[in-house]
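Down below is the structure, laid out as structure tokens.
The values are calculated or read from the model by the stated rules, or taken from the named source; none is laboratory data. For clarity, every value in this text was computed on a predicted model and none was experimentally measured. Backbone-built Cβ (ideal geometry, glycine too); neighbour counts: all protein chains shown. The accessibility values were calculated without ligands, DNA or RNA, using every heavy atom of the protein model including side chains. Shrake-Rupley method; radii C 1.70, N 1.55, O 1.52, S 1.80 Å.
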Amino acid sequence: MNRNAMPVIGLTMDSGDRPGRYQLHGDYVTSLQKAGGLPWPIAYGLDQRLIPTIVDHLDGILFTGGDDLDPALYGQTRHEKAVPIDPVRQQFELALLAEVERRRLPTLGICLGCQLMNVYRGGTLHQFLPDVPRPQPIEHRRLDRKLPRHEVRLEADSAIARAIGRSTVLANTYHKQAPARPGRGLRITGRSPDGIIEAMEDPTLPMFVAVQWHPERLHDEPDHLALFQMLVREALRSRPEHHAQAEEDARVG
């Protein structure tokens, strides 16, 4: 692969409005393109045996939003307000996540993607945030087509804080579920003012970062485009030819 080419970033797809169709919000594509990446949509109906071949072509991956995971994955029964994800998508993306983690591929999860990454690591979810007791609760759901925004407080040494250059961000977080108990190796790096987890990462990997908000809808704002720029930057760094060039530069230096 030409190390000067745009890094290829895989994009998971959601189920469409009719059987046999997929959908992908254009803002994900726009955000990655603006950040310098080449978006590569991945249809979850593919045979799982093709996953290693798919990942061979990727430099990074973005797990997108969608409906709610089967709570049996984390030992719960389904809440009446939950909207089940297509089980084929769930199974495919868990297998895809296992492969990209094994290869240490730079990974960003958004909303459902954040929840998927947490549950994959053995974490749990709050299935319906209005049921979660907390002081001064914020309405995290999108009601009446409004897009709520609130502050997210970030750990100053987190990957996201470093990417945007400060420890707070005004996020357009709209979701009814969120991580509860963090999964193995995941560090909580961002919370809303009412204590809900909004960002997580595994600091031992080149990039394994998850957020509950939707930065793709705010790609015109530098704070939010910065997440996609971080993914593209780490995708470039993860290429074997980048490491070979770095070693050569070190020898020459």
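Annotations for the structure displayed:
- Within the listed set Pro193, Pro87, Pro19, the Gaussian network model of the chain (springs between alpha-carbon atoms below 10 Å) gives the highest mean-square fluctuation for Pro19.
- Cα→Cβ-extended label distance, 7 Å offset, between Arg184 and Asp220, nm: 4.4
- Environment charge of Pro182, counting only residues whose C-beta is closer than 15 Å and scoring Lys/Arg +1, Asp/Glu -1: +1
- Three-way shape label, the range 1-108, alpha-carbon gyration tensor, a/c 1.5: prolate
- Considering only Lys34, Lys176, Lys81, the mean-square fluctuation computed in a Gaussian network model of the chain, springs between alpha carbons under 10 angstrom, is largest for Lys81.
- Derived scalar couplings ³J(HN,Hα) [the range 183-192; Karplus, 6.51 cos²θ - 1.76 cosθ + 1.60; whole Hz; x for Gly, Pro]: x, 4, x, 8, 9, 6, 10, x, 9, 6
- With a cut-off of 12 Å between beta carbons, the residues surrounding Pro52 carry a summed charge of 0, where Lys and Arg count +1 and Asp and Glu -1.
- The distance between label points at His79 and Asp56 comes to 4.2 nm (points 7 Å beyond Cα on the Cα→Cβ vector).
- Highest-MSF residue in the chain out of Gly66, Gly122, Gly109 [GNM, Cα springs under 10 Å]: Gly122
- Annotation: Met200 carries an accessible surface of approximately 0 Å², with a 1.4 Å probe and no ligand, DNA or RNA atoms counted.
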